[in-house]
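Asks: Shown below is the structure under consideration.
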Amino acid sequence: MKIIEAEGLGLRTRRGWVYRDVDLAAESGELHAVTGPPGSGRTSLLLALAGRFPHTDGELRRRGPAALGQVAGVHEPDPTLTVAEHIQERLLLLGPVPRRRRQLVPVAAVRARRAYRRDAFAAAIAGAGFTDVPLDPDVYGRDLTPVQRQVLGLVLASLSGPSLIVADDVDAGSDAPERQWIWDALARLADQGYAVVASARAVEAGSAAIVHRIGDPTLPARTELIPPPAAAPALVAPRAAAQDQTSEVKA
């Protein structure tokens, strides 16, 4: 079943295109990767797919709830909470799975939410399938490595039993073995039935991810639509400035 469908999706601001002409359809059990250079609009696109950011062009259809993993500056670990406290807090906020939704929520997420008073950390880690990562429950958010931040974000996202999980910049600040591990972990989440969409600069060789590249250099760059400081007043496009000068001459 298709969980997310984007057709010709784009976001244009007064400074130009953030991203455009994105076609992406992800089904349950699929892992998709959005790649591109910094500034290509990867984060904005992921947030739009999750329903957390607007788009101006194209169509977007999503079935079921979406959850955010790690998104720098938007959805990050609290530096003053330990890993275990993050999990306990999220489970308390979510509460038990309503009976009417139990058929729609993965069994692992239901078990974790039932176990939050006993051993929430172990249940949550096992439910996400990440028992092979050295994640200390007593480490504070401020002390987590980049890959540990990604892991915690994915664990927290899985607890709500969403249809779609998105995670941003999954290869940031990590070495080759860590990048390989995180792509394998994302594939494991997809194998549990989630639709998973992650962004990165590139995808590790051998990954099962379906890759979508944005920020194609053949498209007009966003910076081309930003006027040089000396050519026109701030926030006025060069073309608009030329029209204003023509009007003054006619007057």
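The values are calculated or read from the model by the stated rules, or taken from the named source; none is laboratory data. All values derive from a computational prediction rather than experimental measurement. When we count neighbours, we look across all protein chains shown, and the Cβ atoms used for this are built from the backbone with ideal geometry, even at glycine. Remember, those area values only see protein heavy atoms, side chains included, never the ligands or the DNA or RNA. Shrake-Rupley method; radii C 1.70, N 1.55, O 1.52, S 1.80 Å.
Asks: Being small (Gly, Ala, Ser) and either under 19 Å from Pro146 (Cα atoms) or free of Cβ contacts under 8 Å to residues at least 24 places away in the same chain (or both) narrows it down to one residue among Ala72, Ala26; which is it? Before the answer, list the steps.
Replies: Values: Ala26 fails: either under 19 Å from Pro146 (Cα atoms) or free of Cβ contacts under 8 Å to residues at least 24 places away in the same chain (or both).
Just one listed residue meets the conditions, Ala72.
Asks: Quick check on my filter: what residues within the stretch 120-139 are crowded, with 17+ Cβ neighbours inside 10 Å and within 15 Å of Asp184 (Cβ to Cβ)?
Replies: Scanning the stretch 120-139 gives Ala128, Gly129, Phe130, Val133.
Asks: Still on this structure: Quick one: which residue in Val147, Val166, Val139, Val197 is farther than 25 Å from Lys2 by Cα, in contact with a strand residue (DSSP E or B) (Cβ under 8 Å, 6 or more places away or on another chain) and among the hydrophobic types (A, V, I, L, M, F, W, C)?
Replies: Values: Val147 fails: in contact with a strand residue (DSSP E or B) (Cβ under 8 Å, 6 or more places away or on another chain); Val166 fails: farther than 25 Å from Lys2 by Cα; Val197 fails: farther than 25 Å from Lys2 by Cα.
Every option except Val139 fails the conditions.
Asks: Determine whether the stretch 3-21 contains at least one residue that is open to solvent by 50 Å² or more (accessible area, probe 1.4 Å) and under 30 Å from Pro137 (Cα atoms).
Replies: Within the stretch 3-21, none of the residues are open to solvent by 50 Å² or more (accessible area, probe 1.4 Å) and under 30 Å from Pro137 (Cα atoms).
Asks: Residues to consider are Gly58, Gly95; find the one that is over 25 Å from Met1 (Cβ atoms) and more than 19 Å from the chain's Cα centre (by Cα).
Replies: Gly95
Asks: Also, quick follow-up: When the residues of the stretch 60-110 are narrowed to those that are surrounded by 18 or more Cβ atoms within 10 Å (Cβ to Cβ) and among the basic types (Lys, Arg), which ends up modelled with the lowest pLDDT?
Replies: Filtering first and then ranking leaves Arg90.
Asks: Is it the case, given these coordinates, that Gly153 is modelled with pLDDT of 85 or more and either among the hydroxyl-bearing types (Ser, Thr, Tyr) or open to solvent by less than 40 Å² (accessible area, probe 1.4 Å) (or both)? Give the derivation first.
Replies: Working: modelled with pLDDT of 85 or more: yes; either among the hydroxyl-bearing types (Ser, Thr, Tyr) or open to solvent by less than 40 Å² (accessible area, probe 1.4 Å) (or both): yes.
Judged against the criteria, Gly153 is a match.
Asks: Let me ask something else about it. If I ask for residues that are over 19 Å from Leu144 (Cβ atoms) and touching a Lys or Arg at 6+ places or on another chain (Cβ under 7 Å), which ones from the stretch 163-204 would you list?
Replies: Ser163, Leu164, Ser199, Glu204
Asks: List every residue pair whose Cβ atoms lie under 7 Å apart, where the two residues are 6 or more positions apart in sequence or sit on different chains, the first residue falls within the stretch 173-186 and is in contact (Cβ under 8 Å) with a residue 12 or more places away in the chain, and the second residue, located anywhere, is charged (D, E, K, R) and open to solvent by less than 50 Å² (accessible area, probe 1.4 Å).
Replies: Taking only residues 6 or more apart or on different chains, the pairs are Arg179/Asp171; Arg179/Glu204; Gln180/Glu204; Trp183/Glu204.
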